[in-house]
Amino acid sequence: MRHMPVWVFALFIFSLPITAQVSGPSKEVLPFVRVSTAKVVLTHVRVIDGTGSAALEDQNVVLENGKIRVIERGADVAPPDTTVLSLRGYAVMPGIVGMHDHLFYIARPNLNSQGKFEQPVLVTQMTFSAPRLYLAGGVTTMRTTGSVETYADLNLKRDIDAGKLPGPHIDVTGPYLEGSESYFVQMPHLTSAEDARKTVEYWADRGVTSFKAYMNITRDELKAAIDAAHKRGIKVTGHLCSVTYKEAAELGIDDLEHGFFVNTQLDPGKKPDVCSESQGDYTLEHMPPESAEAKDLIDTLVKHHVAITSTLPVFENEMGGGRPPIRQQAMDAMTPQAREVFFFLRERAAARASHRKDPGLFFRRDMELERAFVAAGGLLLAGPDPTGAGDVIPGFGDQREIELLVEAGFSPVEAIKIATLNGAVYLGRDSEIGSIAAGKNADLVVLKGDPSKQISDIENVEIVFKDGVGYDSQKLLESVKGRYGEY
Ligand SMILES: [Zn+2]
């Protein structure tokens, strides 16, 4: 049995009966709601505000009608009609803005006994488990960064926003904008610039709020997609290969996925509009941050306001050596088959997906470039990319990404900023979300310990507030036990 934190009892003492709300959570959501009064005070809590500033000790954070009303010096208070949570020993940080948070899973059913993908690779939609895992892990806003069941994602977003289902706020990305070949069988294949424009307009009309270009798109198609999206105020990101980072920046792309792992500009034999054999490995290996090429690239990205999304967790297992660390709760969330795949790939180095001869070198090089990009004024975003070998799990992966940013050399509060405020800035929503400030939405993560000193405390999530409603992280996790990998 899990320990019940001390402040739960404080809640019983101080909270009055929950008053009925006009459009409160449905019966699907209610079992996960721990706090739903209009007024909430978090007392004596450590505040990590998401701006990169040092943590503030012993604060009271007052929430009212879904917003943060004030942050003030810690004090014992007992206002009427208010839930008071006594949070000595706890920290509060902004809800994570997960910028590469898919709603599908890839390692099952596609892996054969050699650990290779069977063709055609089909990814499985995780509409039930993923949103719960994201919210449980502290994610209050997420971008799907490529959809396979776009209508399901749009309907899921609608139902979450209506309080019918638990989950974060969702920026639904349209179907992948892919060229003539694709990695998995559910991607559309663009045939021309005109087709790219029509595809973007069609899905924008149906409510998607972002797009992602993929590995075999041509420059003409990408340009047409970007222009059509920008006309509607929608941003475009890319996991590219056929188009280099520099080319994409000059075409007006808004964001590039996977750090500096998939830039192909120095790859041998790179032909325009065609993905290279090396898929960016050669370029990463030959572009240390102090090189002229790296400086020129970073300069171009910053000048064109192109963000970079760091997705370190999806590359971590390639290094082996017990990475990533095993978390029991993540294991518990997975189906038996998903767990089997996880251990199979982990234990058998030869079966691991990496084609890189020294994965550790690539990992460190990417980290160095991400640091250099931020140092030059670039906007770095964070997301785990829960695909890979089945060891990157929604929510848990978002936390792992923050830990790996610290390993990359960012301070804990900087890493938290990258995963919260920076995402909000990119989405143009930083006046509402992304940091803990009076007037902003009450999207907050309550966790035990002090992640500003020990980043692994980011895993100790207790309550996740979204629009002022407090969700019980453990209960969300319990509801998906053994389900991730199934649906
Ligand atoms: Zn991805």
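Being open to solvent by 60 Å² or more (accessible area, probe 1.4 Å) and either on the phi < 0 side of the Ramachandran plot or part of a helix (DSSP H, G or I) (or both) is the filter here, so list the residues in the range 245-283 that pass it.
E250, P268, K271, P272, V274, E277, Y282
Right, K235: open to solvent by 60 Å² or more (accessible area, probe 1.4 Å), out of contact with any Gly (no Cβ under 8 Å at 6 or more places or on another chain) and touching a residue at least 60 places away in the same chain (Cβ under 8 Å) or not?
In short, yes.
A350 fails exactly one of the following numbered conditions: (1) at pLDDT below 95; (2) crowded, with 19+ Cβ neighbours inside 10 Å; (3) away from the ligand (no atom under 16 Å from the Cβ). What is the number of that condition?
Unmet condition: (2).
Here is a list of conditions, (1) closer than 27 Å to Y105 by Cα; (2) away from the ligand (no atom under 16 Å from the Cβ); (3) within 24 Å of the chain's Cα centre (by Cα); (4) assigned to a loop (DSSP other than H, G, I, E, B), and S180 meets all of them except one; can you say which number that is?
Result: S180 fails condition (3) only.
Being assigned to a helix (DSSP H, G or I) and crowded, with 21+ Cβ neighbours inside 10 Å narrows it down to one of I458, I463, so name that one.
Exactly one residue qualifies, and that residue is I458.
Can you name every residue in the range 385-401 that is of a type in the set (G, A, S), within 9 Å of the chain's Cα centre (by Cα) and within 12 Å of the ligand (Cβ to nearest atom)?
G397
Tell me, please, whether a residue that is in contact with a Lys or Arg (Cβ under 9 Å, 6 or more places away or on another chain) and of a type in the set (K, R) can be found in the range 453-460.
The answer is no; no qualifying residue exists.
Results for (1) farther than 23 Å from P289 by Cα; (2) open to solvent by less than 10 Å² (accessible area, probe 1.4 Å); (3) among the basic types (K, R), shown as yes or no for each residue.
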| residue | (1), (2), (3) |
| --- | --- |
| R364 | no, no, yes |
| V392 | yes, yes, no |
| Q399 | yes, yes, no |
| A408 | no, no, no |
| I433 | yes, yes, no |
| Q454 | yes, no, no |
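Would you tally the residues in the range 233-247 being farther than 19 Å from T144 by Cα, away from the ligand (no atom under 16 Å from the Cβ) and not aromatic (F, W, Y)?
Matching residues across the range 233-247 total 5.
Can you pull out every residue in the range 284-320 that is within 16 Å of the ligand (Cβ to nearest atom) and either under 13 Å from A248 (Cβ atoms) or not in a helix (DSSP H, G or I) (or both)?
Correct list: A307, I308, T309, S310, T311, L312.
So which pairs qualify, if the first residue must be in the range 294-323 and without any contact (Cβ under 8 Å) to a residue 12 or more places away in the chain and closer than 15 Å to R356 by Cβ, the second must be open to solvent by less than 50 Å² (accessible area, probe 1.4 Å) and of a type in the set (F, W, Y), the Cβ gap must be under 9 Å, and the two must be at least 6 apart or on different chains?
Nothing qualifies.
I need the full set of residues from the range 51-96 which are loosely packed, with under 13 Cβ neighbours inside 10 Å and within 18 Å of Y471 (Cβ to Cβ), in order please.
Listed by number, the list holds a single entry, N65.
Inspect all residues belonging to the range 159-173 and state whether any of them is of a type in the set (S, T, N, Q) and either touching a helix residue (DSSP H, G or I) at 6+ places or on another chain (Cβ under 7 Å) or open to solvent by 10 Å² or more (accessible area, probe 1.4 Å) (or both).
The answer is no, given that none of the residues of the range 159-173 is of a type in the set (S, T, N, Q) and either touching a helix residue (DSSP H, G or I) at 6+ places or on another chain (Cβ under 7 Å) or open to solvent by 10 Å² or more (accessible area, probe 1.4 Å) (or both).
Could you tell me whether T43 is in a strand (DSSP E or B), in contact with a helix residue (DSSP H, G or I) (Cβ under 7 Å, 6 or more places away or on another chain), over 20 Å from T420 (Cβ atoms) and modelled with pLDDT of 95 or more?
Taking the combined requirement at face value, the residue does not satisfy it.
Working only within the range 118-149, note down all residues that are more than 15 Å from D385 (Cα to Cα), open to solvent by less than 10 Å² (accessible area, probe 1.4 Å), at pLDDT 95 or above and within 16 Å of the ligand (Cβ to nearest atom).
Result: no residue meets the conditions.
Since A229 meets every condition but one in (1) farther than 22 Å from L380 by Cα; (2) in a helix (DSSP H, G or I); (3) within 24 Å of the chain's Cα centre (by Cα), which condition does it not meet?
The number of the failed condition is (1).
Which residue out of M334, M367 is more than 16 Å from the ligand (Cβ to nearest atom) and farther than 19 Å from I418 by Cβ?
Answer to the check: M334.
Going through Y151, Y214, Y202 one at a time, which residue ends up being within 23 Å of C275 (Cα to Cα) and not aliphatic (A, V, I, L, M)?
Of Y151, Y214, Y202, the one residue that is within 23 Å of C275 (Cα to Cα) and not aliphatic (A, V, I, L, M) is Y214.
Taking H286 as the residue in question, decide whether it is over 21 Å from R356 (Cβ atoms) and open to solvent by 50 Å² or more (accessible area, probe 1.4 Å).
When the stated conditions are applied, H286 does not pass them.
Going residue by residue through the range 304-311, is there one that turns out to be under 26 Å from I234 (Cβ atoms) and surrounded by fewer than 16 Cβ atoms within 10 Å (Cβ to Cβ)?
Yes.
Within the set of pairs 6 or more residues apart or between chains, which connect a residue that is without any contact (Cβ under 8 Å) to a residue 60 or more places away in the chain inside the range 145-162 to a residue that is within 16 Å of the ligand (Cβ to nearest atom) and part of a loop (DSSP other than H, G, I, E, B) with Cβ atoms less than 6 Å apart?
From the range 145-162, the pairs are V148/V123; V148/Q186; D153/L103; D153/T144; D153/V172; L154/V172; K157/V172.
The values are calculated or read from the model by the stated rules, or taken from the named source; none is laboratory data. What you see is a predicted model, and the numbers here were worked out from it, not measured in a lab. No Cβ is skipped: glycine too gets one built from the backbone with ideal geometry, and neighbour counts run over all protein chains shown. All accessible areas refer to the heavy atoms of the entire protein, side chains included, with ligands and DNA or RNA removed. Shrake-Rupley method; radii C 1.70, N 1.55, O 1.52, S 1.80 Å.
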